[in-house]
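Trainee: Okay, handing you the structure first.
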Amino acid sequence: MTGQNPTSAAQIDTTRPHPARMYDWYLGGKDNYPVDEEMGRQMLTLDPRVPVMARVNRAFMHRATRWLAQNGVRQFLDVGTGIPTEPNLHQVAQGIAPDARVVYCDNDPIVLAHAAALLRGTDEGATEYLQADVRDPDAVLEGAKKVLDLTRPVALSLVALLHFVSDEDGAHDLVRRLLAALPSGSYLVVTHATADFTPEESKAATDKLRAAGVTLALRSREEFTRFFDGLDLVEPGIEVPHRWHPELGEPVPGQDDGVIPGYGAVARKP
Ligand SMILES: C[S@@+](CC[C@H](N)C(=O)[O-])C[C@H]1O[C@@H](n2cnc3c(N)ncnc32)[C@H](O)[C@@H]1O
């Protein structure tokens, strides 16, 4: 593992909710604290479908990774990895291409504490975990270089990450800087929450999270589309996540066609 030193319990802030741990709670995991569950329950009062949304998002990551591995991608840089939940990205990629090399990256010490599960890959491939913040793209790329060959195509996945990065922190610019370091034939994979479909609930959720110290920067379809400037979108283009190549996975229990106030897309760097 690269980046900061292994975490200690003292580094994990249990006084305020954290996105990684709330997401773990939505997914039915055990690596969360009462403060995360409390905020998660408040989100459910605004929209009881949140746990289904979390699973639909995770299922999009599985299908996008499957599509990429089937289309020849052998290197993956996954930023905003989250607490391990099987199957993890490397298990999907290496299930198709055992020689796939995967670098995971997150800024939350709880993910570092559980990173061992992200490092059990195939003998032919490689997995690495890096603790770094996406708002520091140079640190992410420096760490990634230790395992990935950045002269060869890389799939950069930013799945359910960018809505935690504000415009003030330069969300669009940091994506541009990460992609600038990757060669032609690389891919960008993004899912992102939006207020486009449920403006009132979304505003209430954003306000509650902000009061608890969590940034939620919901973006419109137009703002989401700008992450892909200069790239070639893979068919079917920008979609709500469950409609992106549904044939590559199983439907999520509880999913219906209306559930996801978010967008997902995959695009290739020409
Ligand atoms: C909702 S989880 C998504 C996990 C996984 N990508 C998925 O979609 O299943 C968002 C993750 O982004 C991480 N994150 C938030 N802000 C970040 C930042 N500035 N740099 C790196 N990771 C960040 C959180 O710690 C959390 O693990």
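The values are calculated or read from the model by the stated rules, or taken from the named source; none is laboratory data. Computed from a prediction, not measured in an experiment: that's the story for all the values here. Neighbour counts run over all protein chains shown; Cβ positions are idealised from the backbone, glycine included.
Trainee: Suppose we keep only residues that are without any contact (Cβ under 8 Å) to a residue 60 or more places away in the chain and part of a loop (DSSP other than H, G, I, E, B) within segment 37-71. Which one would you say is nearest to Leu141 (Cα to Cα)?
Mentor: My answer is Asn71.
Trainee: Here's something else I'd like to know. Return the residues of segment 93-113 that are in contact with a strand residue (DSSP E or B) (Cβ under 8 Å, 6 or more places away or on another chain), outside any helix (DSSP H, G or I) and not hydroxyl-bearing (Ser, Thr, Tyr); say none if nothing qualifies.
Mentor: Listed by number, the residues that qualify are Ala100, Arg101, Val102, Val103, Cys105, Asp106, Asn107.
Trainee: Okay, next question. Tell me, which helices (runs of 4 or more DSSP H) wholly within segment 161-227 include 3 or more residues that are surrounded by 13 or more Cβ atoms within 10 Å (Cβ to Cβ) and either of a type in the set (Val, Ile, Thr) or within 14 Å of the ligand (Cβ to nearest atom) (or both)?
Mentor: Helices (runs of 4 or more DSSP H) meeting the threshold: 171-180, 199-211.
Trainee: Restricting to segment 72-90, what's the tally of residues that are in contact (Cβ under 8 Å) with a residue 60 or more places away in the chain, in contact with a His (Cβ under 9 Å, 6 or more places away or on another chain) and under 23 Å from Val240 (Cβ atoms)?
Mentor: Count: 2.
Trainee: Let me ask something additional. Looking at segment 73-92, which of its residues are under 19 Å from Arg58 (Cα atoms), more than 9 Å from the ligand (Cβ to nearest atom), outside any loop (DSSP other than H, G, I, E, B) and of a type outside the set (Val, Ile, Thr)?
Mentor: Matches in segment 73-92: Phe76, Leu77, His90, Gln91.
Trainee: Output the residues belonging to segment 93-124 that are under 23 Å from Ala139 (Cα atoms) and either touching a helix residue (DSSP H, G or I) at 6+ places or on another chain (Cβ under 6 Å) or of a type in the set (Val, Ile, Thr) (or both).
Mentor: Residues satisfying the conditions are Ala100, Val102, Val103, Tyr104, Cys105, Asp108, Pro109, Ile110, Val111.
Trainee: Taking only segment 40-69 into account, find how many residues are touching a Ser or Thr at 6+ places or on another chain (Cβ under 9 Å), among the polar types (S, T, N, Q) and more than 10 Å from the ligand (Cβ to nearest atom).
Mentor: Residues meeting the conditions: 1.
Trainee: Do any residues in segment 237-251 that are of a type in the set (Lys, Arg) have Cβ atoms under 8 Å from those of residues that are outside any helix (DSSP H, G or I) and at pLDDT 95 or above, where the two are at least six apart or on different chains, and which pairs are they?
Mentor: Pairs found: Arg243/Pro236.
Trainee: Do any residues in segment 204-224 that are touching a residue at least 12 places away in the same chain (Cβ under 8 Å) have Cβ atoms under 6 Å from those of residues that are surrounded by fewer than 16 Cβ atoms within 10 Å (Cβ to Cβ) and basic (Lys, Arg), where the two are at least six apart or on different chains, and which pairs are they?
Mentor: Once the first residue is touching a residue at least 12 places away in the same chain (Cβ under 8 Å) and sits in segment 204-224, its partners that are surrounded by fewer than 16 Cβ atoms within 10 Å (Cβ to Cβ) and basic (Lys, Arg) give Ala212/Arg16; Gly213/Arg16.
Trainee: I'd like the full set of residues that are in contact (Cβ under 8 Å) with a residue 60 or more places away in the chain and either among the basic types (Lys, Arg) or in contact with a His (Cβ under 7 Å, 6 or more places away or on another chain) (or both), limited to segment 111-159.
Mentor: Lys146, Arg152
Trainee: From the list Arg21, Arg41, exactly one residue is surrounded by 20 or more Cβ atoms within 10 Å (Cβ to Cβ), out of contact with any Gly (no Cβ under 8 Å at 6 or more places or on another chain) and at pLDDT 95 or above. Which is it?
Mentor: Only one candidate qualifies: Arg21.
Trainee: For Val92, all conditions in the list (1) within 18 Å of Leu188 (Cβ to Cβ); (2) modelled with pLDDT under 95 hold save one; what is the number of the exception?
Mentor: Single failed check for Val92: (2).
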